[in-house]
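Inspection log for the structure reproduced underneath, given as structure tokens.
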Amino acid sequence: MREQELNLSADVLVIGGGPAGAWAAVTAARKGARVVLADKGYLGTSGATAPSGTGVWYVKPEAAVREEAKRSRYTLGGQLADAQWMNRVLDQTYDNMGMLAKWGYPFPEDGRGRQHRRGLQGPEYMRLMRRTVKRAGVKILDHSPALELLADEYGVGGAAGVRTRSGQAWFVRAAAVVMATGGCAFLSKALGCNVLTGDGYLMAAEAGAEFSGMEFSNAYGIAPAFASVTKTAYYQYASFYYEDGTLVEGAGSKQGRAVIARNLLEGRQVYARLDLAPEEIRPLLRVGQSNFFLPFDRCGIDPFHDLFPVTLRLEGTVRGTGGIHIVDASCATKVPGLYAAGDAATRELICGGFTGGGSHNAAWAMSSGSFAGDGAAEYARRLGPRTHQR
Ligand SMILES: Cc1cc2nc3c(=O)[nH]c(=O)nc-3n(C[C@H](O)[C@H](O)[C@H](O)COP(=O)(O)OP(=O)(O)OC[C@H]3O[C@@H](n4cnc5c(N)ncnc54)[C@H](O)[C@@H]3O)c2cc1C
């Protein structure tokens, strides 16, 4: 029945409340747009960033440092990235990290009061983003997955979904939609990925969007076999062993994940121990990624001294670089009125064919969110009163 439905109208509808969606919503609202944000879970705890710590591609605007930052990823990514996009993302990320500092994000400081801005702790970051989104006047629909886009021959004009707590259907008619539903790591059991089932890709594809870089989207992360935390960077300090204590040759090399995969597929359990981590950095590793240690602490395992079984978890487009193809600097897609940001969008522009994990994805989420929020608000402004005649 109609009265049981929730019917809203807005200038911009943002689907997804991870960092990309939150930045898109804040940016559009600050431009004067009326914004609704719908998340499948809860803006602040849902998605890949909220339960994690993320390194951020934060590079000071000093020519030599910036050039080096771009060069290394350009080479790793098979020279497929785009220098102009790298510049834009570096600039926007630098600005956004400055805004986070202004809004009160507790960046750690060195002895001389200088802030360390190369990383963000997910819970604090997303709590702050929720507060900021609310302050900007955005209407948030938590526990409200979008199920389909509302579209006609002129493009996308909103979306429909369901409020999972009440079963009520929702419809938001909007001039523009930002798709920020994250990547797809379906059934991977990787931390924060339970909600990342690729819905945004499906909805965008149904509306006629194109995709790019999907061939670079089969990333797997290393995790303890008993836990969901995929912090592969820490395994640079690991040696890998079989049950009898003999070394797994090649597992610690650059192609190590392929070696681990082959062993696991052949039914041989692989064990790890972070025995290569120098004593002096061990406490720092704990501070940098406290959630990495939580499953070990719970099981009474000291990962620096004890062997623990590992597995590989599919992280799909959460770490791989593929996603919705964007056609211009505002993160517009091929479909009029539809914008894409964060892991929902392709990250080839800044990563080429190499994973965006470790720093680039977080930078991309906040900067593409800002670009898309700005672009969507501008699109709505241009449509003007005609918006609500559709
Ligand atoms: C364990 C782990 C560690 C990581 N560490 C790093 C790192 O150190 N550095 C780095 O750069 N990157 C890292 N990443 C990747 C990074 O977390 C992601 O790139 C980032 O979260 C992308 O932000 P997003 O907003 O696009 O997506 P997400 O943060 O995943 O948010 C997507 C949101 O969309 C919502 N959603 C999904 N479907 C729907 C729907 N149908 N309707 C409504 N809402 C929907 C979800 O509920 C979720 O809230 C890590 C990822 C993982 C899993």
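The values are calculated or read from the model by the stated rules, or taken from the named source; none is laboratory data. Just so we're clear, the structure is a prediction, and the values are computed from it rather than from any experiment. Neighbour counts run over all protein chains shown; Cβ positions are idealised from the backbone, glycine included. Ligands, DNA and RNA are excluded from the accessible area calculation, which covers all protein heavy atoms including side chains. Shrake-Rupley method; radii C 1.70, N 1.55, O 1.52, S 1.80 Å.
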(message) Taking 0.36 nm per residue of sequence separation and subtracting the Cα-Cα distance, how much length would be gained by fully extending the chain between Asp91 and Val327, in nm to one decimal?
(response) 83.0 nm
(message) Compute, for segment 47-93, the length of the dipole vector about the Cα centre, with Cβ point charges of +1 (Lys, Arg) and -1 (Asp, Glu) only. Units Debye, rounded to 20.
(response) 40
(message) Need one number: nm distance between label points at Arg131 and Thr164, each 7 Å from Cα along Cα→Cβ, rounded to one decimal.
(response) 2.7
(message) Using the Cα centre of segment 286-390 as origin and beta-carbon charges of +1 (Lys, Arg) and -1 (Asp, Glu), tell me which of Ala365, Phe308, Ala329 is placed farthest towards the positive end of the dipole.
(response) Ala329
(request) State to the nearest 20 debye the size of the charge dipole of segment 56-143 about its Cα centre, where the only charges are +1 on K and R beta carbons and -1 on D and E beta carbons. (result) 340
(message) Students often check this: by mean Cβ neighbours within 10 Å, which of 48-54, 247-253 ranks highest, and how do the rest follow?
(response) 48-54, 247-253
(message) If I take every Cα pair under 8 Å that is 6 or more residues apart in the chain, average their sequence separation and divide by the length, what percent do I get for the relative contact order?
(response) 27
(request) Taking the Cα centre of the chain as origin, work out the dipole magnitude from +1 charges on Lys and Arg Cβ and -1 charges on Asp and Glu Cβ, in debye rounded to 20. (result) 1120
(request) Return the distance in nm (one decimal) between the two label points of a simple spin-label model at Ala225 and Met99, each offset 7 Å from Cα along Cα→Cβ. (result) 4.6
(message) Checking a compactness column here: for the chain, what do you get for Rg(Cα) / (2.2 N^0.38 Å), N being the number of residues?
(response) 1.00
(message) Using DSSP to call loops (not H, G, I, E or B), can you name the GluC sites (Glu not before Pro) in segment 45-131 whose Cβ has at most 12 other Cβ atoms within 10 angstrom?
(response) Glu62
(message) Tell me the Kirkwood radius of segment 273-390: reciprocal of the mean inverse pair distance over distinct alpha-carbon atoms, in Å.
(response) 17.5
(request) Specify which residue in the list Gly53, Leu6, Ala63 is farthest towards the positive end of the charge dipole of segment 1-74, using unit charges on the beta carbon of Lys, Arg (+1) and Asp, Glu (-1), about the Cα centre. (result) Ala63
(request) Quickly work out the Ala83-to-Arg382 label distance, labels modelled 7 Å from Cα along the C-beta direction, and quote it in nm with one decimal. (result) 2.9
(request) Distance check, please: which entries in Lys40/Lys334; Lys31/Lys60; Lys40/Lys102; Lys40/Lys70; Lys254/Lys334; Lys60/Lys189 exceed 32 angstrom between their Cα atoms? (result) Lys40/Lys70; Lys254/Lys334; Lys60/Lys189
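Please list 262-274, 30-42 highest first by mean number of surrounding beta-carbon atoms within 10 Å per residue.
On the way: 262-274: 15.5, 30-42: 22.5.
By packing density, highest mean first, the sequence is 30-42, 262-274.
Express the accessible area of the chain per residue in Å², computed with a 1.4 Å probe while the remaining protein chains stay in the model. Walk me through the numbers on the way to the answer.
Numbers: 17530 Å² over 390 residues.
Heavy-atom accessible area per residue stands at 45 Å².
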(request) Take the Cα of Phe171, step 7 Å along the line toward its Cβ, and report every residue of segment 1-36 whose backbone nitrogen sits under 16 Å from that point. (result) 1-10
(request) Consider a paramagnetic label point 7 Å from the Cα of Ala205 along Cα→Cβ; state which residues of segment 145-162 have an amide N under 18 Å from it. (result) 146-150
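Counting only protein heavy atoms and using a 1.4 Å probe, what share of the accessible area of the chain belongs to carbon plus sulfur, as a whole percent?
Roughly 53 percent, rounded to a whole number.
State the antiparallel share, in %, of DSSP beta bridges confined to the chain, rounding to the nearest 5.
60
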